[in-house]
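S.K.: Here it is, the structure in full.
The values are calculated or read from the model by the stated rules, or taken from the named source; none is laboratory data. Not measured: the values here are computed from a predicted model. Reconstructed Cβ throughout: ideal geometry from the backbone, glycine too, with neighbour counts over all protein chains shown. Heads up: the accessible areas ignore ligands, DNA and RNA and are worked out on the full protein's heavy atoms, side chains in. Shrake-Rupley method; radii C 1.70, N 1.55, O 1.52, S 1.80 Å.
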Amino acid sequence: MRMDYFSDLVEQAIAGAQAEVSGDGSKFEARVVSDDFEGLSTLKRHKMVYAVLDEHIKSGAIHALSIKAFTQSEAKDA
């Protein structure tokens, strides 16, 4: 499965998101930027991303997932 497939899923599910998902086949890193994260804790942000990719996590296509989730303003400083 292509990496941009997972990026596209996140971008379609989270309003205004810019997602970059990379990995080596089972271990993935996601960097997601969206103003929908404004006012949310890190845990809630991660839950939003996990919810989008849940089917692929449960199937084993994604074994491990590291998430960095920022608002637009936070992403400028990161």
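S.K.: I'd like the residue in segment 35-50 that is touching a residue at least 24 places away in the same chain (Cβ under 8 Å) and not acidic (Asp, Glu) and, out of all such residues, is most open to solvent (accessible area, probe 1.4 Å). Steps first, please.
M.R.: Initial filter on segment 35-50 (touching a residue at least 24 places away in the same chain (Cβ under 8 Å)): 35, 37-38, 42, 45, 48-49.
Next, only the ones that are not acidic (Asp, Glu) stay: 37, 42, 45, 48-49.
Details: Phe37: 0, Thr42: 93, Arg45: 21, Met48: 57, Val49: 0 Å².
Among them, the one singled out is Thr42.
S.K.: Are there any pairs, at least 6 apart or on different chains, whose C-beta atoms fall under 9 Å, with the first in segment 57-71 and at pLDDT below 90 and the second charged (D, E, K, R) and not in a strand (DSSP E or B), and if so, which?
M.R.: Ala61/Glu55
S.K.: Still on this structure, please answer the following. How many residues are over 16 Å from Leu9 (Cα atoms) and of a type in the set (Gly, Ala, Ser) when one looks only at segment 20-58?
M.R.: Narrowing segment 20-58 to residues over 16 Å from Leu9 (Cα atoms): 24-27, 35, 37-44.
Next, from what is left, pick out any that are of a type in the set (Gly, Ala, Ser): 25-26, 39, 41.
Looking only at that region, the number is 4.
S.K.: Out of all the residues in segment 22-42, which are modelled with pLDDT of 90 or more and basic (Lys, Arg)?
M.R.: So in segment 22-42, the residues modelled with pLDDT of 90 or more come out as 22, 28-42.
Once the filter is applied, which keeps residues that are modelled with pLDDT of 90 or more and basic (Lys, Arg), segment 22-42 yields only Arg31.
S.K.: Looking at segment 8-22, which of its residues are open to solvent by less than 40 Å² (accessible area, probe 1.4 Å) and within 13 Å of Leu65 (Cα to Cα)?
M.R.: Val21
S.K.: Looking at (1) out of contact with any helix residue (DSSP H, G or I) (no Cβ under 9 Å at 6 or more places or on another chain); (2) at pLDDT 95 or above, which one does Ala19 not meet, given that it meets all the others?
M.R.: All conditions pass for Ala19, except number (1).
S.K.: Please work out if Val32 is touching a Leu at 6+ places or on another chain (Cβ under 7 Å) and either basic (Lys, Arg) or surrounded by 19 or more Cβ atoms within 10 Å (Cβ to Cβ) (or both).
M.R.: No; evaluated as a whole, the condition is false for this residue.
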